1. Any chance you could count how many residues in the stretch 110-125 are assigned to a loop (DSSP other than H, G, I, E, B), without any contact (Cβ under 8 Å) to a residue 40 or more places away in the chain and open to solvent by less than 40 Å² (accessible area, probe 1.4 Å)?
2. Which residue, of CYS89, CYS41, is within 30 Å of THR13 (Cα to Cα) and either modelled with pLDDT under 95 or open to solvent by less than 10 Å² (accessible area, probe 1.4 Å) (or both)?
3. Taking ASP334 as the residue in question, decide whether it is open to solvent by 40 Å² or more (accessible area, probe 1.4 Å) and more than 23 Å from LYS5 (Cβ to Cβ).
4. Counting only residues that are acidic (Asp, Glu) and crowded, with 16+ Cβ neighbours inside 10 Å, which one in the stretch 92-109 is farthest from ligand 1 (Cβ to nearest atom)?
5. Report, by residue number, each residue of the stretch 5-38 that is closer than 22 Å to LYS139 by Cβ and touching an Asp or Glu at 6+ places or on another chain (Cβ under 7 Å).
6. Can you name the residue in the stretch 81-126 that is small (Gly, Ala, Ser) and out of contact with any helix residue (DSSP H, G or I) (no Cβ under 8 Å at 6 or more places or on another chain) and is also nearest to ligand 3 (Cβ to nearest atom) among such residues?
7. Quick one: which of VAL269, VAL245, VAL335 is aliphatic (A, V, I, L, M), outside the structural domain of GLY173 (by TED's automatic domain parsing) and in a loop (DSSP other than H, G, I, E, B)?
8. Condition first: open to solvent by 20 Å² or more (accessible area, probe 1.4 Å) and either closer than 19 Å to TRP170 by Cα or part of a helix (DSSP H, G or I) (or both). Now tell me which residues in the stretch 292-320 satisfy that.
Amino acid sequence: MLSVKGFAAQNETNPLSPYSFERKEPGEHDVLIDILYCGVCHSDIHQVRNEWGGSIYPMVPGHEIVGKISKIGSNVTGFKVGDLAGVGCFVDSCRTCENCKNDLEQYCEKGMVGTYNGRYADGTPTYGGYSGQIAVDEKYTLHISEKLPLEKVAPLLCAGITTYSPLREWKVGKGHKVGILGLGGLGHMAVKLAASMGAEVTMLSTSPSKREDATRLGAHKFALTSDVEGMKEYMNYFDFIIDTVSAPHDINFYLQLLHTDGTLILLGVPPESPKLEIFNLIMKRRRVAGSLIGGIKETQEMLDYCAEHNITSDVEVIPIQDINTAYERMLKGDVRYRFVIDMASL
Ligand code: NAP
Ligand code: ZN
Ligand code: ZN
């Protein structure tokens with residue numbers, strides 16, 4: 001086994017603290033990655049605090065991992081020692097079901113193996129990127145461009161792909177009016193990506209202080225969702241709304257902002273699911289959809305797209321010792337726009 005240092009949650013209430021643990025040695029198909037940066041996703045908080053149920057402790061969170069390969073297994077063909085590499089939200093899947101065969105491993109019929117808070121096929125728990133090293137099968141490892149600043153690339157592994165995938169699935173582009181609900185980690189990537197694809201982007205936010213940033217990130221319009229008068233101009237307006245909100249909120253209000261045949265795409269996973277007012281759908285043939293991260297092939301496509309278009313995340317780099325404060329700030333919506341842990345601080 002490989003001895004690794006990291007930060008872990010020991011249960012759902014205590015703060016994260018230093019933790020030394022053992023993880024699997026790199027096998028013949030694995031690369032060993034020395035982790036340089038790891039992004040902090042709101043899903044880390046939901047899982048650390050067991051807001052979705054079933055959390056496994058001790059939990060070493062982190063699924064926005066970038067680093068450098070320090071060792072490769074004897075059968076690895078796509079990577080060499082010294083290459084940059086990335087790992088996102090899962091490290092394995094069954095590889096044989098329809099979804100796995102169609103590059104949709106995130107929807108694996110037997111369940112993907114989460115990068116943390118999951119279990120490998122043999123039952124041993126997975127530990128994530130708030131740590132020094134990780135061994136991952138090369139099939140589930142991403143190539144990272146040398147062109148972009150690494151700390152700004154880390155969040156692409158979850159926030160980037162989670163917003164890129166639905167934009168591609170629904171072929172969002174020129175002529176579409178897109179609302180992005182919630183300007184945090186996912187939201188700011190959604191703004192950048194949707195704008196780069198040619199859509200008219202409106203930021204829908206609860207934070208007046210984020211207005212200027214929204215424009216800088218590429219949004220064409222900004223709407224303060226608490227401004228009852230101001231919101232009237234957006235009734236029946238959008239073709240798509242991408243909902244990235246992490247806390248309970250009334251989706252029925254946002255459904256009314258959709259045009260006929262408009263689609264509300266749910267990405268955020270608040271601890272409690274919202275109540276749906278069916279009239280908001282049937283009166284305008286509107287739809288509600290959901291989307292989960294993206295498959296390995298599409299994640300690589302997104303990373304290559306971002307390298308080509310010079311798209312990265314806006315980050316605040318923190319030492320790992322500040323992780324608990326970062327969580328508190330995210331819970332207050334005070335993130336601009338992704339915390340990224342510099343693993344040199346470990
Ligand atoms: P984040 O950085 O904390 O951003 C969430 C944003 O939501 C906040 O910045 C805030 O934006 C808004 N918000 C927060 N509380 C609100 C409230 N009570 N009412 C209205 N708006 C509120 O979180 P994140 O990392 O982007 O993650 C967002 C959600 O997506 C989480 O639930 C996470 O688990 C989920 N997620 C899903 C997937 C997937 O595959 N579907 C992948 C990753 C994450 P404003 O200040 O602009 O209002
Ligand atoms: Zn995430
Ligand atoms: Zn599968």
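1. 2
2. Working: CYS89 fails: either modelled with pLDDT under 95 or open to solvent by less than 10 Å² (accessible area, probe 1.4 Å) (or both).
Answer to the selection: CYS41.
3. Values: open to solvent by 40 Å² or more (accessible area, probe 1.4 Å): yes; more than 23 Å from LYS5 (Cβ to Cβ): yes.
Judged against the criteria, ASP334 is a match.
4. Pass one, the stretch 92-109, residues acidic (Asp, Glu): 92, 98, 103, 105, 109.
Those still in the list that are crowded, with 16+ Cβ neighbours inside 10 Å too: 92, 105.
Working: ASP92: 17, GLU105: 13 Å.
Selected residue: ASP92.
5. At the first step, the residues of the stretch 5-38 found to be closer than 22 Å to LYS139 by Cβ are 23-36, 38.
HIS29, ASP30, VAL31, CYS38 - these are the residues of the stretch 5-38 that are closer than 22 Å to LYS139 by Cβ and touching an Asp or Glu at 6+ places or on another chain (Cβ under 7 Å).
6. Keep residues of the stretch 81-126 that are small (Gly, Ala, Ser), which gives 82, 85-86, 88, 93, 111, 114, 118, 121, 123.
Cutting the leftovers down to out of contact with any helix residue (DSSP H, G or I) (no Cβ under 8 Å at 6 or more places or on another chain) gives us 82, 85, 111, 114, 118, 121, 123.
Details: GLY82: 32, ALA85: 23, GLY111: 8, GLY114: 14, GLY118: 14, ALA121: 11, GLY123: 18 Å.
Across the stretch 81-126, the extreme among qualifying residues is GLY111.
7. On the way: VAL269 fails: outside the structural domain of GLY173 (by TED's automatic domain parsing); VAL245 fails: outside the structural domain of GLY173 (by TED's automatic domain parsing).
The conditions single out VAL335.
8. LEU292, ILE296, LYS297, GLU298, GLN300, GLU301, ASP304, TYR305, GLU308, HIS309
The values are calculated or read from the model by the stated rules, or taken from the named source; none is laboratory data. Keep in mind that this is a model prediction, so the values were computed, not measured. Neighbour counts run over all protein chains shown; Cβ positions are idealised from the backbone, glycine included. Just so you know, the surface numbers come from the protein's heavy atoms only, side chains and all, with ligands and any DNA or RNA stripped out. Shrake-Rupley method; radii C 1.70, N 1.55, O 1.52, S 1.80 Å.
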